Amino acid sequence: MTRTVTAILLAAALGLALTACGTGTGERALSGAGIGAAVGAGAAAVTGGDVSQGAVIGGGVGAATGAATDADDINLDR
């Protein structure tokens, strides 16, 4: 597996795990984008990839995942 594919998969997995930050769809999409961008950039930096590309891909994956979740998919101890 190439480093780029590894970085994308890592960003997707971590973004999916962390997109539950927020109560509304917009909040989850926004927090997912921020978290995904950070994770994507970090994964790209660690694997020697393009940090900007990693941030864009991670942000997109995080935003899409955050927007795709709803209140029933997450547990905020409510």
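Please find, among G49, G58, the residue that is at pLDDT 85 or above, assigned to a loop (DSSP other than H, G, I, E, B) and either surrounded by 20 or more Cβ atoms within 10 Å (Cβ to Cβ) or of a type in the set (K, R) (or both).
G49
Condition check: touching an Asp or Glu at 6+ places or on another chain (Cβ under 9 Å), in a helix (DSSP H, G or I), crowded, with 22+ Cβ neighbours inside 10 Å and at pLDDT 85 or above. Does A44 satisfy that?
yes
The values are calculated or read from the model by the stated rules, or taken from the named source; none is laboratory data. Everything quoted here is computed from the prediction, not taken from an experiment. Virtual Cβ from ideal backbone geometry, glycine too; neighbours counted across all protein chains shown.
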